[in-house]
Each structure stands twice: as C-alpha cells, then as structure tokens.
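Structure, as structure tokens:
What follows draws every value from the coordinates through simple rules; no lab data is involved. Just so it is clear, the structure is predicted and the values come from calculations on it, not from any experiment. Quick reminder, even Gly has a Cβ in these numbers, built from the backbone with ideal geometry, and neighbours come from all protein chains shown.
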Amino acid sequence: MGSFDLTEKNGIKYFTISSFAETGLVKHGFSTRIGGVSQGSFHSLNLGFHTGDSWESVKENRKLFVETLEITINNLVAANQVHKDNIYVAGVKDRGKGALSQDTSIPETDALITRDPEVALIAFFADCVPIMFLDPVQKVIAIAHAGWKGTVLKIAKKTVEKMAEEFGCQRENILAAIGPSIGPCHYEVDIPVIAKFQENFNRWESFIQLKDKGLKGQLNLWEANRITLLEAGLLYEHITVAEVCTFCNPHLLYSYRYDNGNTGRLAGIIMLKD
Ligand SMILES: [Zn+2]
C-alpha cells in the first residue's frame, strides 16, 4: 500500500513514495509548485518548457529540482508526451535527451522504461495522472503519463507488459504509484469520454459516477488506473495512490483545469542508483 509523503529540502517541496524509498534502489520524487524561480501564473517550480514560461526559468527550476534529488541534469531523459500509448525503452545513450530543451525529447512517447542506473526518467503533469513503476527484483523502473486518453488506452498495463517482455519482470514484484492529479471531486466529463470508458472497461461503473440523467459523469482516473494495474497482474498491496487532487490544491500543485490552461507543469522523476 505505502504512502505519498510530502517532504521539503532546499526550500523545495516534493512527494516521495514510501514503498519505493524503502527499497533503497532509487532516487525519486514528484514535484510541487513550491521552491522555484518562475513568476506569475507559473509560480514557482514550473518544470515544463512548452508552457509559455521563460526557458531560463524552467532550466533553473529543473536544475534546482534534480539537485534536490541528488541527480545530475544531464542524466535526465524526457519524452514529448502526446496522450497516446507509445512506450520507449531508454538507456545510457539517451541521457540528456529533452533535459534542456523540448526539441531533443524522445518523440511521441507517453511512457519511459529503463534498467540502466543513472538514467533519470522524467515526465510532466498538470492534472493528468503520473504513474511510476519499480521492479526491485529485476531492477527496472518506468514512468507513464495517463490523462483520460492514456487511461482509456491502458498505458499503465502496456507499460507493465513491456517491462515483462523486455526485462523479464514478474508482475507480482512490480511496485506502482499513482501520483497527484485531478481527482474525482473535480473531473467532470461528458458523453464522448464516458462512452470510451464504457467500451474499454467492464468495471467502468466503479470509477464513473453518472449525473445529469447520464449526460455527464464524475471520472475517477485514480481508480481507473488502479483497476488497470490490477488487470495487468500487480498486487493490490503494491499499488500506492496519492489521492491528492491538483484542482483542490492550487497553491501546492499546478492544475490545468483550475488555471484554465495557463499554468506550469509538475514532474515525476525516478532513477536507479548506481
Ligand atoms: Zn478536487
């Protein structure tokens, strides 16, 4: 089960996952908006280049955050996230891609996997669901970006399948963590979105609360992804859900919906220690 724990170091507030920390195998963290240099609507630890914020500020914020996690910025690997289900297996040769500019990111990819130490996987969020993975036996890590589209595509399950296929990970060994993102309290969706979930999930009623005579629904992406991870073969007690809503915490986290799109990006980072 485990928990997401909010910690503070060098003035930067970030979450760590207890089950991941206990293995002693990784450096990891999930950022908040506290502790950076960005101004205005990006205040202050904006980690996304594609937001309208200044490049210098984002670069400085990334440096501050990785230093806090004791990671070198040149070890970062970032993808250009497009709400699809492409998964990329990163290695030492990819270090630095997307670290200091959007242009050098791994193209059209929403999940990254590696088993190489000192390769720091990073992904960006502002309401979409971050999912981090760690197989402490095979020593393989991954991070996935699941908005509603990625959740419908079951990117979490596909990431687990790829970990198994590429590196022989056993599903019962894999730890997963579902990070801060928009909660069921604030995620209203309409019929086209509801229909996609009805087509792809037998148990959609356990995470969509219909209202307005079925014309709208409150969508619980945390539960949809938890179900997907269980479907993939993970153990219930190996899945940690932060249950922290971005929209409910606009002073701590960036929320695309709360800020009407004019906002920064949070990031999850995970790296195997050498
Ligand atoms: Zn909320």
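This model, with +1 at the C-beta of Lys and Arg and -1 at the C-beta of Asp and Glu, gives the range 1-95 a dipole about its Cα centre of some 160 debye. Computing FRET efficiency as 1/(1 + (r/R0)^6) for GLU67 and ASP212, where r is the C-beta to C-beta distance and R0 is 41 Å, gives about 0.30.
Annotation: the antiparallel percentage among DSSP beta bridges lying fully within the chain is about 80. Note on the chain: dipole from Cβ charges, positive end direction compared against PRO136, THR240, SER206; the farthest Cα belongs to SER206. Across the range 181-257, the mean sequence separation of Cα contacts (distance under 8 Å, 6 or more residues apart), normalised by length, yields a relative contact order of 38 percent. With the charge dipole of the chain set up from +1 on Lys and Arg Cβ and -1 on Asp and Glu Cβ about the Cα centre, the Cα lying farthest toward the positive end among the listed residues GLN39, ILE71, ALA176 is that of GLN39. Assuming charge only on the beta carbon of Lys and Arg (+1) and of Asp and Glu (-1), the dipole of the chain about its Cα centre is about 200 debye to the nearest 20. The simple spin-label model puts a point 7 Å past each Cα toward its Cβ; for ILE191 and ASN249 those points are separated by 3.6 nm. On full extension, the segment bounded by LYS93 and ALA21 gains 23.3 nm, given 0.36 nm per residue less the C-alpha separation. For PHE167 and SER54, the FRET efficiency from 1/(1 + (r/R0)^6), where r spans their Cβ atoms and R0 equals 35 Å, is about 0.35. Database note for the chain: Cys without another Cys beta carbon under 4.7 angstrom, CYS128, CYS169, CYS185.
Is the shape of the range 25-123 best called rounded, prolate or oblate, per the rule: a/c under 1.5 gives rounded, else a/b larger than b/c gives prolate, else oblate, with a ≥ b ≥ c the square roots of the Cα gyration tensor eigenvalues?
oblate
Normalised by the number of residues in the chain, the average gap of Cα pairs under 8 Å and 6 or more apart makes the relative contact order 24 percent.
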